[in-house]
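First up is the structure itself, then whatever we jot down about it.
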Amino acid sequence: MHLSDYQSAALRTLNPALDADQRLLDAAAGLAEEAGEVLGVVRKHLFQRRPLDREALAEELGDALWCLAAVASSLGLSLDRVAEANVEKLRRRHPQGFGTGGGGDRVGDGR
């Protein structure tokens, strides 16, 4: 599936009762919430010695993707363009790839 196809399909489930500002806030808050749920799954695995629940992790990542699509759409952006811009930024930051002495490596920052 292409990001633009996902974005179109996901946006069908936006709450039509919300105005543009409310949709933006709802989606941005949801993105933070879903990121916390991803962290919770990983934390339970690493610190509570539970098996990594890949199914739950994939579900939470999907929820985060929905929120990301909604935020982008609220701003008039396509996920395709967001992804393209991010890849370009990564190319500038790490022209030789991360950790190969490209000059832009920052410990703990894989962005």
Express the carbon and sulfur contribution to the solvent-accessible surface of the chain as a percent, rounded to the nearest whole number, probe 1.4 angstrom. 56 percent
For the chain, what is the calculated [θ] at 222 nm in deg cm²/dmol (nearest 500), taking -39500 (n - 2.57) for each run of four or more DSSP H residues and dividing by its residue count? -22500 deg cm²/dmol
For Val82, what accessible area in Å² do you get when you roll a 1.4 Å probe over the heavy atoms of the protein chains, rounding to the nearest 10? 60 Å²
Just one of [x] 8.9; [y] 7.9; [z] 6.9 is mean projected area of the Cα convex hull in nm² as worked out from the coordinates here. Which one is it? [x]
Please list, by residue number, every one of the trypsin sites (Lys or Arg not before Pro) in segment 24-53 that is coil in DSSP and has at most 10 other beta-carbon atoms within 10 Å. Arg49
Can you tell me the FRET efficiency between Leu18 and Leu77 if r is taken as the Cβ-Cβ distance and R0 is 25 Å, rounded to the nearest 0.05? 0.85
For His2 and Leu39, extending 7 Å from Cα along the Cα-Cβ vector and measuring point to point gives, in nm, a value of 3.5 nm
So if each residue of separation counts as 0.36 nm, and I subtract the Cα-Cα distance between Ala58 and Lys89, what length gain in nm does that give? 8.6 nm
At a Förster distance of 41 Å, what's the computed FRET efficiency of Ala28 paired with Gln48, Cβ-Cβ distance as r, to 0.05? 0.90
Whole-angstrom gap from segment 27-54 to segment 1-26, using each part's C-alpha centre: 23 Å
Taking the Cα centre of the chain as origin, sum charge times position over the Cβ atoms of Lys and Arg (+1) and Asp and Glu (-1), and report the length of that vector in debye to the nearest 20. 560 debye
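The values are calculated or read from the model by the stated rules, or taken from the named source; none is laboratory data. Computed from a predicted model, the values in this text were never measured in an experiment. Ideal geometry is used to build each Cβ from the backbone, glycine not excepted, and the neighbour counts take in all protein chains shown. For accessibility, only protein heavy atoms count, side chains too; no ligands or nucleic acids. Shrake-Rupley method; radii C 1.70, N 1.55, O 1.52, S 1.80 Å.
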